[in-house]
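Beneath this line is the structure, given in structure tokens, with notes to follow.
The values are calculated or read from the model by the stated rules, or taken from the named source; none is laboratory data. Please read all numbers here as calculations on a predicted model, not as lab measurements. Reconstructed Cβ throughout: ideal geometry from the backbone, glycine too, with neighbour counts over all protein chains shown.
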Amino acid sequence: MKNTVKHTGLLVLSLIFFFSLSTTNAQTSSNEITYVKVEVKGLACPFCAYGLEKKLKELKGIETIKIDVEEGLAYLTTLTSQKPTKETLEKIVTDAGFTPSSVVFSKKPFNLKDEN
Amino acid sequence: MNRLAIITLGIFFTLNVFAQGPPITTETPIMLGLEGNGVRTFGKFISKENVTIYVQPIGIPYNITSKFQVGAIFPFKLITPKDSRTTGGFADMTVFAKYQLYKKDGKAKTFRILGLIKQTFPTGKTSSSSTIGSGLYQTYIGIVIGKLTTKIGLYTDFGYNITNKNMSDNFIYNFSVGVPLLPHKYPQKQLNTFLEFNGNYVFDPKVHTVFISPGFQFIPGRRILFETSFQIPIVQDNITTNKTNYMVLLGTRFLIN
């Protein structure tokens with residue numbers, strides 16, 4: 001009887017442990033951030049950037065957008081689970097009236113000029 | 001002659017009403033940001049020898065795509081002849097369409113060419129002593145060219161304006177150089193300065209006017225812009241009476257979405 005109680009207790013504890021572990025992993029995965037750098041050709045004036053920023057904001061999962069006009073770059077942070085594809089980003093840039101160049105995805109933040 | 005001068009001036013300012021974004025009195029081939037869907041309005045005070053004119057146009061462009069824009073301009077005009085009472089009302093309405101013909105983008109620079117068509121309707125009244133409208137249908141066909149980098153903006157537009165009722169056609173041309181006075185950052189404040197030239201050549205009788213137009217533009221945020229320009233005549237060939245002394249423009253543009 002004692003053994004049964006002991007085994008049941010261990011089983012419950014194990015289940016709780018594995019359940020909490022899997023929940024933690026799931027939370028980590030859903031909150032994970034991907035950093036994106038999009039090179040935008042033709043972005044030559046700050047007042048031109050509004051249309052691009054507006055279209056990028058419409059993407060699901062976008063956390064932050066920073067546009068560097070001098071370098072012609074748009075930096076995004078997005079939830080990894082909702083990360084846009086390279087093709088989606090290129091279409092947004094084209095629809096905003098610019099020419100897309102490179103799109104780089106990274107797990108680490110990019111060094112922004114203002115933050116150096 | 002007065003009527004011709006007023007018509008010419010009317011054509012002149014109407015065609016310059018919707019210079020999109022920077023520059024101020026010249027068209028731009030860049031239909032992005034503040035030059036896209038929005039509203040532009042400004043007050044323009046015109047001082048002439050025998051009359052003062054105040055014009056308050058409202059222009060509304062709409063981007064159908066990033067390459068194709070349509071819009072309309074509704075000007076309100078007040079005319080005060082010397083020793084006479086002020087007459088006011090809505091002047092001639094203009095609709096326009098712009099289509100991007102060429103685009104070459106590079107890192108922090110762009111070169112674009114647009115085709116521009118405008119149609120002006122004689123909606124302004126012409127019955128009063130100081131005519132508010134031209135009484136003419138006018139069709140303008142032109143080209144807009146611009147090169148923009150983060151250091152400088154060069155713009156030009158030119159085109160032929162066809163009028164009805166045996167009135168003379170005219171050729172309109174504008175040129176602009178714009179230089180940012182603050183580093184180009186987004187969405188920080190921007191201050192731009194412009195030097196522009198605005199020309200108009202009427203074929204019959206031959207009347208040629210050119211204005212030099214220095215101006216400033218302040219962009220405090222993402223969606224609004226303020227601008228001012230002072231236009232001084234440097235050529236007024238074959239205008240013997242009622243020459244233009246100067247013109248002052250003070251305006252704003254803002255995005256509605």
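Residues that are touching a strand residue (DSSP E or B) at 6+ places or on another chain (Cβ under 6 Å), within 14 Å of another protein chain (Cβ to nearest Cβ) and closer than 29 Å to residue B:39 by Cα do occur in segment B:198-217. Within segment A:39-61, residues that are at the interface with another protein chain (Cβ under 7 Å from one of its Cβ atoms) and crowded, with 17+ Cβ neighbours inside 10 Å sit with their Cβ atoms under 6 Å from residues that are among the small types (Gly, Ala, Ser) and assigned to a strand (DSSP E or B), at 6+ positions apart or across chains, in these pairs: A:41/A:101; A:41/B:106. Do we find a residue being surrounded by fewer than 18 Cβ atoms within 10 Å (Cβ to Cβ), in contact with a Ser or Thr (Cβ under 9 Å, 6 or more places away or on another chain), of a type outside the set (A, V, I, L, M, F, W, C) and farther than 30 Å from residue B:50 by Cβ anywhere in segment B:233-250? Within segment B:233-250, not a single residue is surrounded by fewer than 18 Cβ atoms within 10 Å (Cβ to Cβ), in contact with a Ser or Thr (Cβ under 9 Å, 6 or more places away or on another chain), of a type outside the set (A, V, I, L, M, F, W, C) and farther than 30 Å from residue B:50 by Cβ. Selection of segment B:111-129 for residues being at pLDDT below 95 and touching a Pro at 6+ places or on another chain (Cβ under 9 Å) yields B:124, B:129.
For segment B:112-134, state whether one or more residues are on the phi > 0 side of the Ramachandran plot, of a type in the set (Gly, Ala, Ser) and more than 20 Å from the chain's Cα centre (by Cα). Taking every residue of segment B:112-134 in turn, none turns out to be on the phi > 0 side of the Ramachandran plot, of a type in the set (Gly, Ala, Ser) and more than 20 Å from the chain's Cα centre (by Cα). Here residue A:48 meets the list (1) over 23 Å from residue B:148 (Cα atoms); (2) not in a loop (DSSP other than H, G, I, E, B) almost entirely, failing just condition (1). Just a yes or no: is a residue in segment A:19-38 modelled with pLDDT under 95 and in contact with a Cys (Cβ under 8 Å, 6 or more places away or on another chain)? No, that holds for no residue.
Counting only strands (runs of 3 or more DSSP E) that fall entirely inside segment B:108-188 and contain at least 1 residues that are more than 20 Å from residue A:69 (Cβ to Cβ), within 14 Å of chain A (Cβ to nearest Cβ) and not hydroxyl-bearing (Ser, Thr, Tyr), the qualifying elements are B:109-121.
Identify, from the list B:186, B:201, the residue that is in contact with a helix residue (DSSP H, G or I) (Cβ under 8 Å, 6 or more places away or on another chain) and among the aromatic types (Phe, Trp, Tyr). If you could, list the steps in order and put the result at the bottom.
Values: B:201 fails: in contact with a helix residue (DSSP H, G or I) (Cβ under 8 Å, 6 or more places away or on another chain).
It is B:186.
When residues in segment B:31-71 are screened for being basic (Lys, Arg), more than 18 Å from the chain's Cα centre (by Cα) and either part of a loop (DSSP other than H, G, I, E, B) or within 14 Å of chain A (Cβ to nearest Cβ) (or both), 1 of them pass.
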